[in-house]
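**Q** Below is one structure. I have some questions about it.
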Amino acid sequence: MRKVFTFFGALLFIYGGAQTTTVTYTASSANFPNPERGFYKYSDTESSSSNGYNLLNQSSLTNYRVNQNITLVFRYFYLNDFVNSSIPQSYLDNMQTDFNRIRNAGLKSVIRFAYSDDYGDDVVLDATKARMLEHINQIKPILIANTDVIAVMQAGFIGAWGEWYYTDQAEFGGWGYNETSLTAANYAHRKNITDAILNALPNTRAVQIRYPKMKQQMYNTTAPLPPSQAYTNTSLARIGHHNDCFLSSNTDVGTYSNVNTEYPYLDQETQFVPMGGETCAVFESRTNCTTAQFEMEKFHWSYLNLDYHPSVINGWQTGDCYQEIQKNLGYRFVLTSAVLPQSISLDNQLSVTLNINNVGYAAPFNERYAYIVLKNLVTNDVFSIMLDSDPRNWQDEVTITENLTLPDGVIPGNYDMFLHLPDAYASLANRPEYAIRFANNNVWESSTGYNRLNHKIEVTETLGIADNNRLKVVLHPVPADNELIVEMDAASEYSYAIYNSVGQQMKLNSTQNGNKVSFDTQVLSNGVYFIQFNNGEINDSRRFIVKH
C-alpha cells in the first residue's frame, strides 16, 4: 500500500491553506538524452572460435550519450558455437564486462539472444528447446545482476536472428511461421521459452515478442491488456512487442496477420507495455514522414534502431521529420505550471499541484517514482518526498495534486524546490544520467538530475507537535545481506516503508509470519537505509545497514 508518510516519519496534519504561488514554465525544443527511450545504436557479438567475442567499446558507448543524445544500445548475443553445448564461463564473463561498460557510460540496453544471423539450407538456425532452456538458465544470474541497465529483453532464441520465423526445430513449427500451420503444441513449446525468459528476468522487466499474433495464440487471448492489469506481475502485463520490419510493407513484412484486428489491439496494449524495433526497407507509401510519425504515436513507440534501415532514416532526415521523431520517441515531459505554497509550518502538509504534458509517443514503461525535493539554501541539506502519482500513467496531460508530509530532519528556513524522477534501482538512483529530464528551459540541474520548480518555500516553526511513541523493534541480521528481518509486537498492524540515505523510497518484496516481517534486500546496494513503521497513530523509524 502506497503511503504519503515519508523518510524518518512524521504524523499527518490537516493542511491549513497557506498562500500559494502559480509558477509557469517554458517548453524547450531541444534534443537531449533521456533514459530508456529514443534512437538506439546497434551492436552484436558472435561466439565463433574464428571471430571471438566482440566486447563493447567503452569510449564508443560514452560518445553515444555525450555527442549523439543516445541512451540505449541494442546488444545481440549470438550463441552460434553453443547449439550443441553449454555456454562457457568465458562468454558469460564477457557479457558481464559488456554490462559493466554500458553502466559506466550511463546507458541502458535492449538485448536479444540468437543462434544465427542468416538463413539457408546450410545454416544451423537454432538449438533444440531443451538446449535453449539450459542456456536461459545459465544467463539468469547475469540478467538478475544487470537488470538495472537492461531496459527490456526481446524473446529471441527461436529461429534466424531470434525472430521466431525461420527455425530448424519441428517442435517450434519448422521452416517459417507464416509458411507452416502451427499446431497447439508448437505454440505451447514457444510459450515454454517465453515463460522461461520471464522467469529468468526479475519481474521489474518486460519481454518483447516479435508478432502480435504470437502473444495472442500463446496466451489464448485476443483482448488487449486492460488498464486494471497494467504494471502487474502477470505474464500478459510483462509481454510487450517489437517490430523488425516497421513500415516496410502493408503488413510490415508479415508482422501483422490482420491489421484490422491487430492495429486496435496494439493501440491499446502499447499504452502499458514497451514497443520498439527497426525498419527494414523503404516502402514509400508507409515509410514517409507522415505515416511514420502517425504510427509511432498510435502504437506508442519508445525506441528505434538508428543504424537500420539507413535508407529509411535518410528519408526522414531529408523529409524534415527526423528531429521530431528523435525528440518524441518514448516520453517527453513538459512542465506547464505548478501551484506551490509560499510557506509551510513544520506541522502542516506540503500541498503541491503540478501540471505536466507528455508530448512524446509513449510513457515510461519501467517502474519509476517521482519526488519533490527540498534543498536548504543555507545548509544544502536535501530532503526527498515521494509522490503517489506513477509516471507510467503520465500518458498525455496530467494534473497531480498531492498533500505531502515534511520529512523528519527538516528545520525552519528557506528551501529550493525540485522535481526528481530517478531510476528505481538503488545502484542508479543517485546518478543524474538515469534521471528523467523535463523538456523545459531553465529547469534541468545536470549535476543532480533534478528539475527545478523555480520556486522557494519558507519552512516555519512547528505550531504543535504530536506525541511520537517509540516502538520496541528488533532488526537482524546486522548488517543485512540478502534479507532483513523485523521483529515487533503487532507487526501485522503496521505498514512499512524503506528509504535510502537521501530519502528515496525503495520497493522491496516482503513476507510476514506472525510478528516477523522479512524483506528481500538483494536489490539494495551496500549502504545505510531507514525503515519506517506506521499504524495511523504511531510513526517511527530505524536505521539499518546493507552489506553484501
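The values are calculated or read from the model by the stated rules, or taken from the named source; none is laboratory data. Fair warning: this is a prediction, and the values are worked out from it, not measured in the lab. Don't worry about glycine lacking a Cβ; one is built from the backbone with ideal geometry, like all the others, and counts go over all protein chains shown. Remember, those area values only see protein heavy atoms, side chains included, never the ligands or the DNA or RNA. Shrake-Rupley method; radii C 1.70, N 1.55, O 1.52, S 1.80 Å.
**Q** Compute the Kirkwood hydrodynamic radius of the range 208-364, taking the inverse of the mean of 1/r over all pairs of distinct Cα atoms, and give it in Å to one decimal.
**A** Numbers: mean 1/r = 0.0577 Å⁻¹.
For the range 208-364, inverting the mean 1/r across all distinct Cα pairs yields 17.3 Å.
**Q** Another question about this same structure. Once ligands and nucleic acids are excluded and a 1.4 Å probe is used, how much of LEU406 is accessible, expressed in Å² to the nearest 10?
**A** 10
**Q** Once you mark the trypsin sites (Lys or Arg not before Pro) that are in a DSSP loop and have at most 16 other Cβ atoms within 10 Å, what is the longest gap between them in the chain?
**A** Working: sites that count: ARG2, LYS3, ARG470, LYS472, LYS507, LYS547.
By the stated rule (loop sites, at most 16 other Cβ atoms within 10 Å), 4-469.
**Q** I've got another one for you. What lysines could a cross-link reach from LYS298, if we take a straight Cα to Cα line under 26 Å and drop same-chain neighbours fewer than 8 places away?
**A** Cross-link targets: LYS41, LYS108, LYS213, LYS215, LYS327.
**Q** Between GLU324 and THR222, 0.36 nm times their residue separation minus their Cα-Cα distance comes to what?
**A** Working: separation 102, 0.36 × 102 = 36.72 nm, distance 3.30 nm.
Length gained between GLU324 and THR222: 33.4 nm.
**Q** Please list, or write none, the lysines whose alpha carbon is within less than 22 Å of the alpha carbon of LYS375, excluding same-chain residues fewer than 8 places away.
**A** Reachable lysines: LYS456.
**Q** Going by Cα centres, the range 396-441 and the range 177-230 are how many Å apart?
**A** Each part's Cα centre sits 36 Å from the other's.
**Q** In Å², what does the accessible area per residue of the chain work out to with a 1.4 Å probe?
**A** On the way: 21780 Å² over 548 residues.
On a per-residue basis, the chain sits at 40 Å².
**Q** What spacing in nm lies between the two simple spin-label points modelled at ASN63 and GLN342, each 7 Å away from Cα in the Cβ direction?
**A** 5.4
**Q** Something else: Kindly provide the pair-distance distribution of the range 408-548 built from C-alpha pairs, with 5 Å bins from 0 and whole-percent values in order of increasing distance.
**A** With a bin width of 5 Å, the distribution comes to 2, 8, 15, 16, 16, 15, 12, 10, 4, 1, 0.
**Q** Would you please name the GluC sites (Glu not before Pro) within the range 480-547 that are DSSP coil residues with at most 15 other C-beta atoms within 10 Å of their C-beta? Walk me through the numbers on the way to the answer.
**A** On the way: sites: GLU483, GLU487, GLU493, GLU537; in loops: GLU537.
Those satisfying the criteria are GLU537.
**Q** I need to check one value: relative contact order of the chain, counting alpha carbon pairs closer than 8 Å and at least 6 residues apart, in percent. Spell out each step's value before the answer.
**A** Details: 1245 pairs, mean separation 82.5, N = 548.
The normalised contact order for the chain reaches 15 percent.
**Q** A follow-up question, please. With an 8 Å Cα cut-off and a minimum separation of 6 or more residues, compute the relative contact order for the range 137-239 in percent. Kindly include the intermediate steps, with their values, before the conclusion.
**A** Details: 114 pairs, mean separation 27.1, N = 103.
Once divided by the residue count of the range 137-239, the mean separation gives 26 percent.
**Q** Hey, any idea what the orientation-averaged projected area of the convex hull of the range 23-121's Cα atoms comes to, in nm²? Before the final figure, lay out the partial values.
**A** Working: hull surface 36.8 nm².
Projected over every direction and averaged, the Cα hull of the range 23-121 covers 9.2 nm².
**Q** At a threshold of 8 angstrom on Cα-Cα distance, excluding pairs fewer than six apart, so keeping six or more, what relative contact order does the range 221-325 reach in percent? Please report the intermediate quantities before stating the final value.
**A** On the way: 135 pairs, mean separation 28.9, N = 105.
Averaging sequence separation for qualifying contacts and normalising by length gives 28 percent for the range 221-325.
**Q** While we're looking at this one, here's another question. At 0.36 nm per residue, minus the direct Cα-Cα distance, what do ASP121 and ALA145 gain on full extension? Give it in nm, one decimal, please. Provide the component values of the computation, followed by the final result.
**A** Numbers: separation 24, 0.36 × 24 = 8.64 nm, distance 3.82 nm.
So the extension gain works out to 4.8 nm.
**Q** Relative to a virtual label point 7 Å from the Cα of ALA30 in the Cα→beta-carbon direction, which members of the range 425-452 show backbone nitrogen distances below 20 Å?
**A** Within reach of a label on ALA30, which here means backbone N under 20 Å from a point 7 Å along Cα→Cβ, the range 425-452 contributes 431-452.
**Q** A further question on this structure: Determine the gain in length on full extension of the stretch ASP481-SER86; use 0.36 nm per residue of separation and subtract their C-alpha separation, reporting nm with one decimal.
**A** Numbers: separation 395, 0.36 × 395 = 142.20 nm, distance 3.09 nm.
Between ASP481 and SER86, full extension yields 139.1 nm more.
**Q** Would you list, by chain and number, the aspartates and glutamates whose Cα falls below 19 Å from the Cα of LYS516, excluding same-chain residues fewer than 8 positions away?
**A** Result set, ordered by chain and number: ASP481, GLU483, GLU487, ASP489, GLU493, ASP540.
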